[in-house]
Amino acid sequence: MAGKLFANLKRGQSTIGPRKWVSMLLLSLCAFTVGCSTHADRARMIRTSFYSGNIPAALTETDLEKHAKGHDANVIKLDRAMVELTSGRPAEAEKLLRDVRDRFDQLEGKSVTDKAKSLLTDDRQLNYAGEEYERILIRVMLAVSNLMHDGGDVSAYGLQISSKQQQFLQMSKPNPAKPEEQVKDYTPLTKQLAIGSYLRAAVLESSPLDYDDVTRCRVQVANWQPNFRDAKIDLARAESGQHSPPDHGVVYVLAMVGEGPYKEERAEMATTVSLLVADRILSAIGKYDLPPNIAPVKVPIVVRPPQLVDVIDVSTTGRSLGNTATIMNVSELAVEQNKLEMNDIIARAVVRRIVKKGAVYAAKDGLNVESSPELNLLLTLAGIAWEATERADTRCWSVLPDRIQVLRVELPVGQQELVLTPKMMSGRPGQPVRIQANVENGRSTFVLANFPKDRVVGEVQLKTYR
């Protein structure tokens, strides 16, 4: 908007005097700056409500009719999906996640040069297309949501997790047919995630007809995540072709543990690599040169909050069956990707600063401010205010877990009382929760629980596959 106003003033299309016009611009820019922290504030409120267990408040704060509008619609839907899943409504969560997945896929296809419209404001004016880790996690949460209400698409979603990562790897390779899209130095996450294969194997192993597929999935888990505690045990069991001993069934505990990552705004100095990327972007859009000195720019940094919960102990009749083990470290993934992307993020912020300064200089030239010190000062102040509207894009999926952990236990057939107790980083136990699981012969029962802090949040969900 500000760019159009400067252009109109330069061309003499304003119906009011230039001094009054610039004064009005100053006021509007200041008002814009004051009103731009809404998403960060909303995300903070949602996190506080959700992680503390105030699900009704989290539902209100993610009300799609009130909040899912404009550029923030996708992130609000993601948070709403997590609230729905934790509330015991996995089908509703799956529907929301599918909607965002499809929307992200549409936005992902746009080239870097299509982002030029944000150069006069900042990235918050773009429809949010999700970070790489979020686009992968959508498929993870789709698999978990489907697992807890239907299970028919878990295998398909598991395959999507791996295929999406392979797509990102292909995106990093040069495309000779589209050199104009090679402005961004894209570095994908190269660590192959094992959670999709793990969930596929867990669903398939109840059927003796699928044990070849189960073994392949267990091999993938062992190869892709060799430090996963249960990888070798799971693979050996799959190769034996036995689901569980006679008159026994299996209970899988899926635990969402800890408070997930979020973004905060920080000022960062431009690096040599980021300046090279910025110079390439400026060359692509033309008209602008890279100055020798660049002041710090505002960028989003992914933060992993301090964690209280270590693992979840699963016990029955006074004896421990074991602790959950991490199959996916969400925060680690998010922080890693943010570091890989930081040079590009800084470069775009540098380019926006240069474009804004260029627009102000062009307006001064067009208005011949040398004859009017007052107008020159007003335009300088307007330019400063315009740059002040630049804020980091801190939009993100706000209520993810820090880690996804699993435990597989074999239990005798019948009604079994299980006690899930969070073990805190401090060594003390958290508040236990008791559930009743009906273990069926040769079948798998899945338990889903969320422990962001020292107690369960929302409903503990159970689903048995016959």
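The residues of segment 60-94 that are assigned to a helix (DSSP H, G or I) and surrounded by fewer than 16 Cβ atoms within 10 Å (Cβ to Cβ), listed by number, are 60, 64, 65, 66, 70, 71, 91. In segment 317-331, the residues that are over 17 Å from residue 451 (Cα atoms) reach residues that are part of a strand (DSSP E or B) with C-beta atoms within less than 7 angstrom, at least six apart or across chains, in these pairs: 320/313; 321/314; 321/315; 321/409. Residue-level check: of (1) open to solvent by 50 Å² or more (accessible area, probe 1.4 Å); (2) within 30 Å of residue 301 (Cα to Cα); (3) among the acidic types (Asp, Glu), residue 212 misses just (2).
Among the residues of segment 426-466, those identified as in contact (Cβ under 8 Å) with a residue 24 or more places away in the chain and on the phi > 0 side of the Ramachandran plot are 442, 458.
Taking segment 217-240 as the range and being over 29 Å from the mean Cα position of the chain (by Cα) and without any contact (Cβ under 8 Å) to a residue 60 or more places away in the chain as the test, the residues that pass are 232, 233, 235, 236, 237, 238, 239, 240. Could you tell me whether segment 331-340 includes any residue that is acidic (Asp, Glu), open to solvent by 10 Å² or more (accessible area, probe 1.4 Å) and touching a helix residue (DSSP H, G or I) at 6+ places or on another chain (Cβ under 7 Å)? Looking for residues that are acidic (Asp, Glu), open to solvent by 10 Å² or more (accessible area, probe 1.4 Å) and touching a helix residue (DSSP H, G or I) at 6+ places or on another chain (Cβ under 7 Å), one finds none in segment 331-340, hence no. Among residues that are modelled with pLDDT under 95, within 19 Å of residue 330 (Cβ to Cβ) and either crowded, with 18+ Cβ neighbours inside 10 Å or in contact with an Asp or Glu (Cβ under 9 Å, 6 or more places away or on another chain) (or both), residue 391 is not included.
Okay, residues lined up against (1) modelled with pLDDT under 95; (2) part of a helix (DSSP H, G or I); (3) under 30 Å from residue 284 (Cβ atoms); (4) among the hydroxyl-bearing types (Ser, Thr, Tyr):
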residue: 119; (1), (2), (3), (4): yes, yes, yes, no
residue: 130; (1), (2), (3), (4): yes, no, yes, no
residue: 135; (1), (2), (3), (4): yes, yes, yes, no
residue: 160; (1), (2), (3), (4): yes, yes, no, no
residue: 163; (1), (2), (3), (4): yes, yes, no, yes
residue: 183; (1), (2), (3), (4): yes, no, yes, no
residue: 221; (1), (2), (3), (4): no, yes, no, no
residue: 228; (1), (2), (3), (4): no, no, no, no
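Strands (runs of 3 or more DSSP E) fully within segment 387-466 that include at least 3 residues being under 28 Å from the mean Cα position of the chain (by Cα): 401-412, 414-424, 444-451, 457-465.
Quick check on residue 311: is it in contact with a strand residue (DSSP E or B) (Cβ under 6 Å, 6 or more places away or on another chain), open to solvent by 10 Å² or more (accessible area, probe 1.4 Å) and under 22 Å from residue 264 (Cβ atoms)? So residue 311 does not fit the description; no. When segment 241-272 is limited to residues that are at pLDDT below 90 and exposed (fewer than 13 other Cβ atoms within 10 Å of the Cβ), the one that is farthest from the chain's Cα centre (by Cα) turns out to be 241.
The values are calculated or read from the model by the stated rules, or taken from the named source; none is laboratory data. Nothing here was measured: the structure is a model prediction, and the numbers come from that model. So basically every Cβ, Gly included, is an ideal-geometry build from the backbone, and we count neighbours across all protein chains shown. Only protein heavy atoms, including side chains, enter the accessible area calculation; ligands, DNA and RNA are left aside. Shrake-Rupley method; radii C 1.70, N 1.55, O 1.52, S 1.80 Å.
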